[in-house]
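All of the numbers you see were taken from the coordinates with simple rules; none came from a lab. Remember, predicted model here, so these are calculated numbers, not experimental data. Please note: Cβ atoms are built from the backbone with ideal geometry, for glycine as well, and neighbour counts cover all protein chains shown.
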Amino acid sequence: MNKDNQVDVFIIGSGLSGLYAALLLSKIGLSVHIIDNNNHEDESDEILLLAPRCIQLLNQLDLLDLLLEKGTRHWKLDIYSQGILVESLKSFESNDPFNYSLSIQKSVVCDALKKHLASLDIFTQPEELIKIQEEGHYKLVYLKNNQVWKSQVILIENDVTNIVRQSLAALPVIQTNTPSVKGFSIIKRDQDTLYIIGHHQKAYITFEHRPSWSKTSIDDEIPIHLALKYIKSILEPFQIEFGQAEGYVKWKGEQKASELFEYDQRYFFIGPSSQVSSPRGFMDITLYLEAVQNLCWKLALHFHHCALPNLLETFEEEIRTKSVETVYASGIWLESIMNASYLSVRDITYQLSRQKDCFTGHSPYPPNVLNHTDLPCEFSTADSETVSSFRFEAPPDEQPSPQPATAGCLAPDGKLKPYSLLQLLLMAASNTKPKATGKQAQSPPIVSHPPTQRKRSNSTNSTLSQLFSVFQKGAQKKRNSTTAAHQTNARAMSNERWKSIKPNYSHLIDRLHHFNPQGTKFNLLIFCGSLFTSEPLNRFMKQLTSPLSVLYQYNTHHRQHPSGHHHQRSSSSLPLYHPQEHVVNQQDMFSILFISNSTKQEATHYLHTTPPSIVHSTFPYGLDKIFLDHDQQCYKAYGVTNTPEVIVVRPDGYIGTRLGYDYDALCMYLTLFLTTEASAAAVVAAHYD
């Protein structure tokens with residue numbers, strides 16, 4: 001077997017899930033090979049309705065601009081009855097930057113993912129799988145072209161669906177006075193219902209086939225003229241004229257959840273191989289991307305020998321929970337558009353509002369070793385049977401909805417001041433104003449003001465000068481060891497350019513992503529309250545930065561690089577103010593951000609009056625990791641009151657646990673699923689015994 005034919009992960013299927021998995025795993029640093037013997041060119045171009053969570057995940061791959069250019073945003077769901085707008089559900093309304101859904105062709109998203117993979121020299125190979133054999137801890141994958149590939153992990157994505165129900169697709173709208181076909185709507189007339197997504201100048205219309213109006217068997221094709229006549233009758237009294245229908249597809253309306261999401265921690269089922277829900281391209285896409293996101297960071301820690309075996313076990317239980325909820329919510333959705341349901345608009349509105357988290361992609365994960373709370377809890381991982389029900393019944397093991405920002409919930413967004421404490425220091429030292437960073441979390445250019453502007457007061461004490469002097473030395477060291485993307489640009493900016501910049505706010509999720517671009521770090525959000533109450537934080541940070549700290553025990557650098565080789569650290573890992581002999585290493589598995597509720601004036605006063613040694617010991621990872629809350633929005637979003645808290649955010653953006661300044665509790669939490677360097681060596685040795 002050719003040595004080149006060995007990869008970390010072998011992917012079968014180049015659908016949306018397979019391509020997304022290949023790209024995420026490549027970003028993490030794992031080698032992949034992806035095959036597909038299905039010619040997708042003959043398939044109809046499915047319309048996707050991306051939930052806010054999907055948009056957030058794809059934005060992390062820098063695809064947002066393309067999505068917005070090619071897609072159509074929908075901020076609400078309109079419900080019409082007898083030609084009258086009776087309800088408008090703003091299901092996506094929130095403080096997050098992604099407070100809308102987006103309709104877009106599936107081919108556009110897949111082509112964008114393929115383009116990213118091509119830039120990494122990764123291409124889908126048109127190969128056919130023959131068999132898979134076991135060879136110790138590896139899998140031998142035999143292909144029809146006589147190639148044999150060796151891999152530790154195999155991801156399976158299938159795209160096989162059964163056909164029963166029918167859906168019209170891609171009807172160009174020639175002329176209409178019906179507002180419903182240009183948005184995201186449910187149209188009811190008596191017991192007949194249409195589900196419409198307006199995308200550009202086309203309408204994607206879904207309805208139930210009933211022999212009573214088509215005069216054809218449930219299994220037969222519907223003549224297109226009968227389907228158009230049926231649609232027009234439901235839209236009355238509005239008038240609509242369609243162009244030529246580009247095509248229509250039929251799909252099965254029942255919901256299916258796989259009995260198996262993983263096997264032996266080596267085979268993982270993703271995409272349609274794990275879940276089929278209707279309507280296609282809606283809630284199922286959220287589950288597909290979330291499952292891949294959930295799996296990839298766990299595989300990364302597994303390959304780096306940082307994780308206990310139970311970490312990969314959480315994939316099955318977490319995705320099964322989301323799958324059951326998705327099947328249930330999809331059943332409610334279909335119930336709302338089926339003719340035989342006899343549901344009132346009030347019933348539909350209530351049920352859809354009740355399942356808001358599933359529609360937006362924000363449903364939580366169950367309690368387990370990753371999502372740890374102080375309350376004892378049990379979570380059943382019993383196998384989920386195939387679900388096909390349109391009755392309004394409670395989902396299995398339904399629990400009261402957890403409060404926001406608790407363990408297992410998606411970490412909420414919040415608004416921060418558009419500058420870090422580092423930029424505030426630069427402003428105070430050079431009498432400049434910090435630049436609003438928008439989506440970018442890096443430091444803005446330093447602005448030189450004209451001589452006519454009022455100079456700094458001579459009363460500025462020496463503390464600030466010492467702090468800034470140390471910063472200059474630290475910044476020089478950072479410039480020597482970092483990439484251009486993280487450098488501080490000290491060029492002057494003209495008055496005209498500065499006038500066009502309006503300080504606004506930045507988003508917390510953008511800050512988190514900036515310090516965790518590969519999606520493999522645990523983010524420690526430290527809500528430290530006022531900067532002047534730093535003594536408890538100082539004690540906590542001394543424990544966290546000790547040579548015996550948990551951060552050093554879970555250092556993956558030492559496991560991936562021989563001790564004789566020096567691994568250059570990123571600029572975000574270097575403290576700004578420590579003397580060289582006391583440099584603190586922020587390990588690559590953790591990113592630490594501080595959020596203070598101090599005002600800008602209080603923060604400036606803190607920099608002027610606090611001895612540099614206190615600043616150094618309290619914030620050893622640098623002032624570029626300290627941010628000020630914007631109108632207390634982050635503190636409110638996370639429910640932080642008067643007591644400082646440390647919130648651990650998992651690599652996939654979900655909250656793992658909430659703690660006080662309790663170092664021992666943090667250690668106990670991490671030891672539930674991570675392994676130290678010493679124990680990792682034992683695990684690897686046992687692996688080859």
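Here are the numbers:
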read-out: Out-of-range pairs (alpha-carbon distance over 19 Å; input LYS106/LYS298; LYS521/LYS636; LYS298/LYS356; LYS70/LYS114; LYS70/LYS115); value: LYS106/LYS298; LYS521/LYS636; LYS298/LYS356
read-out: Total formal charge among the other residues, if their Cβ is under 11 angstrom from that of LEU370, Lys/Arg +1 and Asp/Glu -1; value: -2
read-out: FRET efficiency, ASP121 to TYR552 (Cβ-Cβ, R0 45 Å, nearest 0.05); value: 0.80
read-out: Projected label distance in nm at LEU66 and TYR350, using a 7 Å step from Cα toward the beta-carbon; value: 4.5 nm
read-out: Positive minus negative residues near ILE35 (Lys, Arg vs Asp, Glu; Cβ under 9 Å); value: -3
read-out: Around GLU318: net Lys/Arg minus Asp/Glu count, Cβ-Cβ under 13 Å; value: -3
read-out: Two-site label geometry, GLN601 and LEU672: point separation in nm, points 7 Å out along Cα→Cβ; value: 4.3 nm
read-out: Ordering of 119-130, 622-633, 309-320 by packing [mean C-beta count within 10 Å, highest first]; value: 622-633, 309-320, 119-130
read-out: Segment GLN632-ASN310, length gained on full extension (0.36 nm per residue, minus Cα span); value: 112.2 nm
read-out: Ranked by how many other beta carbons lie within 10 Å on average, peptides 23-31, 638-646, 135-143, 10-18 from highest; value: 10-18, 23-31, 638-646, 135-143
